[in-house]
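Asker: The following block contains the structure, expressed as structure tokens.
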Amino acid sequence: MAWIQVIDRHEAEGELREVYEALMSRPIPSAYLVPHGGAPGIHRAHSLDAGLVRAVFTATGTMHAGAALSWADRELISAVTARTTECFY
């Protein structure tokens, strides 16, 4: 299994801390809330590049805005897309 270094919410400084705070102020489905109170895994996976985190989650937040699809429908589409493209995460 591959391993990458990540920076969790309580370790973040500077721009990454600001990005985490902005992300955590948005509504998050309960499935993404972690018991230790840190950042969800998908956020931590991008944590070595704060600018990338901001860009990725601004784009996905915009795409997921509105009520055209439920959260569950979006997750299903994401899962099928990941499976089709052989993307583990």
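The values are calculated or read from the model by the stated rules, or taken from the named source; none is laboratory data. Worth saying up front: this structure is predicted, and the values here are computed from it rather than measured. In this analysis, Cβ positions are derived from the backbone assuming ideal geometry, glycine residues included, and neighbour counts consider all displayed protein chains.
Asker: Restricting attention to region 47-58, which residues are of a type in the set (A, V, I, L, M, F, W, C) and within 17 Å of PRO29 (Cα to Cα)? If you could, list the steps in order and put the result at the bottom.
Answerer: In the first step, residues of region 47-58 are kept if they are of a type in the set (A, V, I, L, M, F, W, C); the result is 48, 50, 52-53, 55-57.
Scanning region 47-58 gives a single hit, PHE57.
Asker: Filter region 46-70 for residues that are out of contact with any helix residue (DSSP H, G or I) (no Cβ under 8 Å at 6 or more places or on another chain) and either surrounded by 14 or more Cβ atoms within 10 Å (Cβ to Cβ) or assigned to a loop (DSSP other than H, G, I, E, B) (or both) and give the result.
Answerer: Of all residues in region 46-70, those out of contact with any helix residue (DSSP H, G or I) (no Cβ under 8 Å at 6 or more places or on another chain) come to 48-49, 52, 55-56, 58-63, 65-68, 70.
LEU48, ASP49, VAL56, ALA65, GLY66, ALA67, ALA68, SER70, listed by residue number.
Asker: Sort out which residues of region 32-45 are in a helix (DSSP H, G or I) and at pLDDT 80 or above, and write them in order of number.
Answerer: Keep residues of region 32-45 that are in a helix (DSSP H, G or I), which gives 32, 41-44.
Across region 32-45, the qualifying residues are GLY41, ILE42, HIS43, ARG44.
Asker: So the check is Cβ under 7 Å with 6+ separation or different chains; which pairs have a first residue in region 59-77 that's closer than 14 Å to ILE28 by Cα and a second one that's part of a helix (DSSP H, G or I) and modelled with pLDDT of 70 or more?
Answerer: HIS64/ARG74
Asker: Does region 46-67 hold any residues that are of a type outside the set (Gly, Ala, Ser) and under 12 Å from the mean Cα position of the chain (by Cα), and which are they? Working first, answer last.
Answerer: Keep residues of region 46-67 that are of a type outside the set (Gly, Ala, Ser), which gives 46, 48-49, 52-54, 56-58, 60, 62-64.
Once the filter is applied, which keeps residues that are of a type outside the set (Gly, Ala, Ser) and under 12 Å from the mean Cα position of the chain (by Cα), region 46-67 yields HIS46, LEU52, VAL53, ARG54, VAL56, PHE57, THR58, THR60.
Asker: For region 13-31: of the residues being outside any helix (DSSP H, G or I) and surrounded by fewer than 10 Cβ atoms within 10 Å (Cβ to Cβ), which is farthest from the chain's Cα centre (by Cα)? Explain how you work it out, then say what you get.
Answerer: At the first step, the residues of region 13-31 found to be outside any helix (DSSP H, G or I) are 13, 25-29.
Add one more test, that the residue is surrounded by fewer than 10 Cβ atoms within 10 Å (Cβ to Cβ), and what stays is 13, 25-27.
Numbers: GLU13: 18, SER25: 13, ARG26: 11, PRO27: 12 Å.
Only one residue fits best here, namely GLU13.
Asker: Also, I was wondering about something else. Which one is farthest from ILE4 (Cα to Cα) among residues in region 44-58 that are among the aliphatic types (A, V, I, L, M) and free of Cβ contacts under 8 Å to residues at least 40 places away in the same chain? Before you say what the answer is, go through the steps one by one.
Answerer: Taking region 44-58 as the starting set, the residues that turn out to be among the aliphatic types (A, V, I, L, M) are 45, 48, 50, 52-53, 55-56.
Those still in the list that are free of Cβ contacts under 8 Å to residues at least 40 places away in the same chain too: 50, 52-53, 55-56.
On the way: ALA50: 15, LEU52: 16, VAL53: 15, ALA55: 20, VAL56: 18 Å.
Out of the qualifying residues, it is ALA55.
Asker: For region 1-12, how many residues meet the condition of being in a helix (DSSP H, G or I), surrounded by 14 or more Cβ atoms within 10 Å (Cβ to Cβ) and touching a residue at least 12 places away in the same chain (Cβ under 8 Å)?
Answerer: Within region 1-12, the subset in a helix (DSSP H, G or I) is 9-11.
Cutting the leftovers down to surrounded by 14 or more Cβ atoms within 10 Å (Cβ to Cβ) gives us 9, 11.
Subset that is touching a residue at least 12 places away in the same chain (Cβ under 8 Å): 9.
Looking only at that region, the number is 1.
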